[in-house]
Amino acid sequence: MDIVLFGMQGSGKGTQGKILAEMYGLKVFDMGAELRGMIESGTELGVKIKDIVERGDLVDDDTIMEVIENFLKSISSDQSVVFDGIPRTMNQAEKLLSLLKSHGRKVFGLHVKISEKEAISRLTQRRVCSNCKEVYPAFYKNDDCAKCHGALITRQDDSNLDAITKRLENYQRETESVIQHFYGVDRLIEVDGEQPIPDVTEEMVDKAGYLFS
Ligand SMILES: [Zn+2]
């Protein structure tokens, strides 16, 4: 059973996705990391993506599906996957669902739900390491990076309320209909992302654990 993660920026969906993956032996497909990896790979597809990115264009949905198809061919058919960062739009959702179906794979949505107010509060309090760029959430209280001891600073774009609000509006406009689609076909698990992290995990395991046992 594959999982696609949904949640506003700041929801902690990536963290929860990794925890779920570790617990049940799932593989994480992180769209951003995968595209960066493709570019570094220097393969034909990697070069194509590099050209698109260097032109300053967004990677189109068909190319994204090629990346995912490649990934699916590289794993065994009974290896479950957590998809993070895809699908963001209804068009991507339709293409991804039909691709997964053609590989005989089944998928559930996992929505780590937080309010826009909470997302804004978390994003404006987020800090980043000035050295290695690791991002730290509001609840991380030290002033230096746990990895390299670099100084933590508030990210310029994150402290810009307009930019944050715009990103969240984009998310709601584009992704909300995808979430509704998964809800409508009874394939959506929702957890309350405003609880402490261990409680989010507990709710997630309660509601989704049976999919992998
Ligand atoms: Zn650092």
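The figures follow:
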| quantity | calculated |
| --- | --- |
| log10 of Debye I(q)/I(0), alpha-carbon scatterers only, for the stretch 164-213 at 0.18, 0.31 Å⁻¹ | -0.76, -1.00 |
| For D30, net neighbour charge (Lys/Arg +1, Asp/Glu -1) across residues whose Cβ lies under 12 Å away | +2 |
| Estimated translational D of the chain in µm²/s (Stokes, Kirkwood radius over Cα pairs; 10 °C; 1.306 mPa s) | 86 |
| Backbone HN-Hα couplings from phi across the stretch 133-149 [Karplus 6.51/-1.76/1.60, Hz, Gly and Pro as x] | 6, 4, 9, 10, x, 4, 7, 7, 9, 5, 9, 10, 5, 5, 8, 10, 6 |
| Helical mean residue ellipticity (222 nm; -39500 (n - 2.57) per DSSP H run of 4+; nearest 500) of the chain | -16000 deg cm²/dmol |
| Ranked D78, D30, criterion: other C-beta atoms within 10 Å, fewest first | D78, D30 |
| Sequence of F71, F29 once ranked by neighbouring C-beta atoms within 10 Å, starting from the fewest | F71, F29 |
| Cα pair distances exceeding 18 angstrom across the stretch 118-213, given as percent | 63 |
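The numbers here are math on the coordinates, done by the rules we state, and not lab data. Quick caveat, the model's predicted, so the values are computed rather than measured. Glycine also receives a Cβ, built like all others from the backbone with ideal geometry; neighbour counts cover every protein chain displayed.
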